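Everything on this sheet refers to the single structure shown next.
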Amino acid sequence: MADARIFKDLKADHDRHRDMLARLGDTQGDSPERRELFEALRQELQAHAAAEEESLYATMLACPDLRDEARHSVSEHKEIDDFLGELLDIDMSSSAWLMKFKDMRHRYLHHIDEEEEEMFPSAAKTLSAEAERTMAKTFENRKPKELQLAAEQKPGDERE
Ligand SMILES: [Fe+2]
Ligand SMILES: [Fe+2]
């Protein structure tokens, strides 16, 4: 079902991301505000992608009809992770930072729109109500743990 808890959980995160991305776009130069918001966004995006992969996409990958869509999304997670790593390396006061950030924002907004409009409806059509409940439990259990991990792990860090 498209209104199952897992999809509500994921959409609630996406709405939080849309808000953070908009606020970050309004910050100026190498300010404490930009530093704090970017760090919060980085951790949030890494944790969301990891918990989403452990719940929704692990389930979709195991289902032949959903595999291609899951792979597409997971490869976009890698692309966003690369962007976050590049942003960490660029001087925040430079125009290059803002240009890279806007590039990343555009790609990420496209990614979550596509998840909501294509991946979630496909998964909802194919997976059972029980699978949806299991995914919600996994996501809700993993997300806070992934946030703790993301505080320590920079983009691109390999898991031990
Ligand atoms: Fe995603
Ligand atoms: Fe997502």
*For segment 1-109, which fully contained helices (runs of 4 or more DSSP H) count at least 3 residues that are surrounded by fewer than 18 Cβ atoms within 10 Å (Cβ to Cβ) and without any contact (Cβ under 8 Å) to a residue 40 or more places away in the chain?*
5-25, 32-52, 67-89
_Tally, over segment 42-67, of residues that are of a type in the set (S, T, N, Q), under 13 Å from residue 136 (Cα atoms) and more than 12 Å from ligand 2 (Cβ to nearest atom)_ = 1
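Taken together, the values in this text are just the output of simple stated rules run on the coordinates, not laboratory data. Keep in mind it's a predicted model, so treat the numbers as computed, not measured. Reconstructed Cβ throughout: ideal geometry from the backbone, glycine too, with neighbour counts over all protein chains shown.
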